[in-house]
Amino acid sequence: MGASVLINTSDTTLADSIRCRLQPPGVHVVISQPGLSFMQVARRQRPQVALLDAVEERVDAAQMEIELLKELRQDVRIIVLSRQPSQQDAWVVECGVFFYLAAPAVGEVVRVIEAAARAALGARLAREVQSRVRT
């Protein structure tokens, strides 16, 4: 099974662009809207990689989303997008996210998601090998 990727954005154009350009085989992409949709999808999917968009516009909600993702899966790779980056975004780094992107182009977002998916799959394979060695 491949990596599961959750894209949380209210921008359907961005979500569709990322989904169309994301190429690695075995990557399963699910899109949610911020709010209740996000909570339902995150709980159901327990993604290995999550992209949270426009965090500068909804700081409290984004902090809650990050905490929920970490509770659901300790090894989740969270990628955060800030469309209008500022010094106020420092809280994102303090939350321990995998990657922070400031006003990125879609191609850059896709490359970071692909890297996070590879890292998630690599970590899972390493755990499987370790468990086999122990038995």
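The values are calculated or read from the model by the stated rules, or taken from the named source; none is laboratory data. What you are looking at is a predicted structure, and each value in this text was computed from that prediction instead of being measured. Cβ coordinates were reconstructed from backbone atoms using ideal geometry, including for glycine residues, and neighbour counts include every protein chain displayed.
Does L69 qualify as being modelled with pLDDT of 95 or more and touching a Pro at 6+ places or on another chain (Cβ under 9 Å)?
For L69, the condition - modelled with pLDDT of 95 or more and touching a Pro at 6+ places or on another chain (Cβ under 9 Å) - is met.
Counting only residues that are part of a loop (DSSP other than H, G, I, E, B) and at pLDDT 95 or above, how many does region 12-32 have? Talk me through it step by step, then tell me what you get.
The initial filter retains those residues of region 12-32 that are part of a loop (DSSP other than H, G, I, E, B), namely 22-27.
Narrowing further to those that are at pLDDT 95 or above: none.
Counting residues in region 12-32 that are part of a loop (DSSP other than H, G, I, E, B) and at pLDDT 95 or above gives 0.
Considering only region 33-42, I want to know if a residue exists there that is outside any helix (DSSP H, G or I), in contact with a Leu (Cβ under 6 Å, 6 or more places away or on another chain) and surrounded by 14 or more Cβ atoms within 10 Å (Cβ to Cβ). Let's see the steps before the verdict.
The initial filter retains those residues of region 33-42 that are outside any helix (DSSP H, G or I), namely 33-35.
This time we only want the ones that are in contact with a Leu (Cβ under 6 Å, 6 or more places away or on another chain), so: none.
Looking for residues that are outside any helix (DSSP H, G or I), in contact with a Leu (Cβ under 6 Å, 6 or more places away or on another chain) and surrounded by 14 or more Cβ atoms within 10 Å (Cβ to Cβ), one finds none in region 33-42, hence no.
Could we say that V80 is modelled with pLDDT of 90 or more, within 11 Å of the chain's Cα centre (by Cα), surrounded by 18 or more Cβ atoms within 10 Å (Cβ to Cβ) and not in a helix (DSSP H, G or I) here?
In short, yes.
I need the full set of residues from region 44-77 which are among the basic types (K, R) and either buried (at least 19 other Cβ atoms within 10 Å of the Cβ) or over 22 Å from D16 (Cα atoms) (or both), in order please.
K70, R73, R77
Among the numbered criteria (1) closer than 19 Å to L121 by Cβ; (2) free of Cβ contacts under 8 Å to residues at least 60 places away in the same chain; (3) touching an Asp or Glu at 6+ places or on another chain (Cβ under 8 Å), which one does F38 miss?
It is condition (1) that F38 fails.
Against the definition (in contact (Cβ under 8 Å) with a residue 60 or more places away in the chain, among the charged types (D, E, K, R) and surrounded by 13 or more Cβ atoms within 10 Å (Cβ to Cβ)), how does R21 come out, yes or no?
yes
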